[in-house]
Amino acid sequence: MDQGLAALLGASVAVVGALCTGGLTYVATRRQAMDNGEVAHRKQLREERRDAYKKFLAAAESLDRVIFRLVEQECIQLDFESRLARDAVAEVMGDLDSAAHNLYVERMNVALAGPFAMGGLAHELWHYASSLQMDLSIYLQDGSLGVDEFEKAVDRTEKAKTEFVEGAREVLESSL
């Protein structure tokens, strides 16, 4: 009887051990699968953010080209009251409208990709671009824009772009 009881207890311990090992293996495998899924999700999110940020910066590049064309016009740097300055502004308004619209569209993609702060930085750059667009439209109508005001508008736009780039770099580096 003692041998039978010992055999029964030994078999019971073996069964319990096998069940525990199987359970722990299942939990570990499930945990590893969840970890792998989380890593894959973070990688996909990082790629989506990078793509959204790159498209937004491509739209900002077209804005930079318009601003560069205006800044390089000596007539604008010297005298906003000349007919030449008005002609130069009128010549780039279509491109400026297009650049501001592209920023508007792409800022929504940045807001969707996140995080929230990046959506705010994208909105800020779009806001300054559309303010510049509005200032130059008003200038074409009534001539009320000074060189100092124009330079401040350009500086705000450039500062907002720099802040966006720094924020994007920080987000992308932190998600490695």
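Laboratory data are not the source of any read-out in this text; all were calculated from the coordinates shown. Every value quoted in this text rests on a predicted model; they were computed, and no experiment measured them. All Cβ positions, glycine included, derive from the backbone under ideal geometry; neighbour counts span all protein chains shown.
General remarks:
- For region 138-160, the candidate set comprises residues that are of a type in the set (Gly, Ala, Ser) and surrounded by 16 or more Cβ atoms within 10 Å (Cβ to Cβ); within that set, the residue that is farthest from PHE68 (Cα to Cα) is ALA160.
- Cβ-Cβ under 9 Å pairs, at least 6 apart or on other chains, region 103-117 side in contact (Cβ under 8 Å) with a residue 60 or more places away in the chain and at positive phi, far side charged (D, E, K, R) and part of a helix (DSSP H, G or I): GLY114/ARG49
- Of all residues in region 134-161, those satisfying the criterion of being of a type in the set (S, T, N, Q) and free of Cβ contacts under 8 Å to residues at least 40 places away in the same chain are GLN141, SER144.
- Boolean, LEU125 is outside any helix (DSSP H, G or I) and either surrounded by 15 or more Cβ atoms within 10 Å (Cβ to Cβ) or in contact (Cβ under 8 Å) with a residue 24 or more places away in the chain (or both): no
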